[in-house]
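So the structure is just underneath, and the comments pick up after that.
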Amino acid sequence: AQKITQTQPGMFVQEKEAVTLDCTYDTSDPSYGLFWYKQPSSGEMIFLIYQGSYDQQNATEGRYSLNFQKARKSANLVISASQLGDSAMYFCAMRGHYGGSQGNLIFGKGTKLSVKP
Amino acid sequence: DVKVTQSSRYLVKRTGEKVFLECVQDMDHENMFWYRQDPGLGLRLIYFSYDVKMKEKGDIPEGYSVSREKKERFSLILESASTNQTSMYLCASGLEGSSYNEQFFGPGTRLTVL
């Protein structure tokens, strides 16, 4: 069965420093996609970054990068130069299999990041 | 920009009431999803739909039903609300057929059942 594990319920980081949020996954599929979402206190889910299992390079989007280690089945999110607005819940997710290719997302339990001034 | 809207941000209902949560997307997406979010549990899939009038159960469908009469609208129905259905409900939509299938989420509805 597919599973996403986020082992850090909460983390603190000093403003302007980098932080890594951990994510490990389990799947038997040869092809899969991994996502990170941000959820501020207002509740909306904001898509941050995507990594395909066959992508040759680690994904990057602005201050966000994904440290993808396929052999270890890990897809850690790295946020560089943290800002106060980065304080939020962060969810790692993987494409699921309900309905075949129409897959839902399977989410981890999330990591609450708090950025200190 | 893709927009997914939900009918209410906050809702308070009584045990036994029938509750309708509405979700509308404006990007002509085939797929729509209802998730439930609880602290420490992440998001769990309740139901999803891949076409008008088509639906599939997710991980936790008990106590819920859905309706998709039009492509842009996906409704979640609590036939007889119970206190253990107090939660945050998130609707999402996405394109069919691509491995890069980003889902776009609505703002969520915080439902309290008394």
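Structure data summary
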{"quantity": "B:LYS3 accessible area, 1.4 Å probe, all protein chains in place, Å² to nearest 10", "calculated": "120 Å²"}
{"quantity": "Fraction of alpha-carbon pairs over 17 Å apart in region B:41-106 - percent", "calculated": "45 percent"}
{"quantity": "A:THR7 accessible area, assembled protein chains, probe 1.4 Å, Å²", "calculated": "100 Å²"}
{"quantity": "Cα centre as origin, Lys/Arg/Asp/Glu Cβ charges: region A:1-42 dipole, Debye", "calculated": "100 debye"}
{"quantity": "Most to least accessible of A:SER28, B:SER80, B:SER65, A:SER80 (protein chains only, probe 1.4 Å)", "calculated": "A:SER28, B:SER80, A:SER80, B:SER65"}
{"quantity": "Pairwise FRET efficiency - B:PHE20 versus A:LYS3, Cβ, R0 = 35 Å, nearest 0.05", "calculated": "0.60"}
{"quantity": "Ranked order, A:TYR54, B:TYR35, A:TYR64, B:TYR10 - accessible area, probe 1.4 Å, largest first", "calculated": "B:TYR10, A:TYR54, A:TYR64, B:TYR35"}
{"quantity": "The protein assembly as shown: antiparallel DSSP beta bridges as a percent of all, rounded to 5", "calculated": "90 percent"}
{"quantity": "Given charges at beta-carbon only (K, R positive; D, E negative), |dipole| of the protein assembly as shown in Debye", "calculated": "520 debye"}
{"quantity": "Average other protein chain Cβ within 10 Å of Cβ, residues B:37-44", "calculated": "6"}
{"quantity": "Measure of compaction for region A:1-49 (Cα Rg per 2.2 N^0.38 Å)", "calculated": "1.40"}
{"quantity": "Gain upon complete extension [A:GLN83, A:GLU15; 0.36 nm per residue less C-alpha separation]", "calculated": "23.9 nm"}
{"quantity": "Length gained when the stretch B:THR112-B:ASP28 is fully extended (0.36 nm per residue, less Cα-Cα span)", "calculated": "27.2 nm"}
{"quantity": "Heavy atoms of B:GLU72: accessible area, 1.4 Å probe, square angstrom to 10", "calculated": "80 Å²"}
{"quantity": "Accessible-area ranking of A:SER82, B:SER7, A:SER41, largest first, probe 1.4 Å", "calculated": "A:SER41, B:SER7, A:SER82"}
{"quantity": "Size of charge dipole - region B:27-71 - debye, nearest 20, with Cβ of Lys, Arg +1 and Asp, Glu -1, no other charges", "calculated": "120 debye"}
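The values are calculated or read from the model by the stated rules, or taken from the named source; none is laboratory data. Every value quoted in this text rests on a predicted model; they were computed, and no experiment measured them. Glycine gets a Cβ as well: all are built from the backbone with ideal geometry, and neighbour counts include every protein chain shown. The protein model used for the area step is the full one, side chains on, heavy atoms only, and it has no ligands, DNA or RNA in it. Shrake-Rupley method; radii C 1.70, N 1.55, O 1.52, S 1.80 Å.
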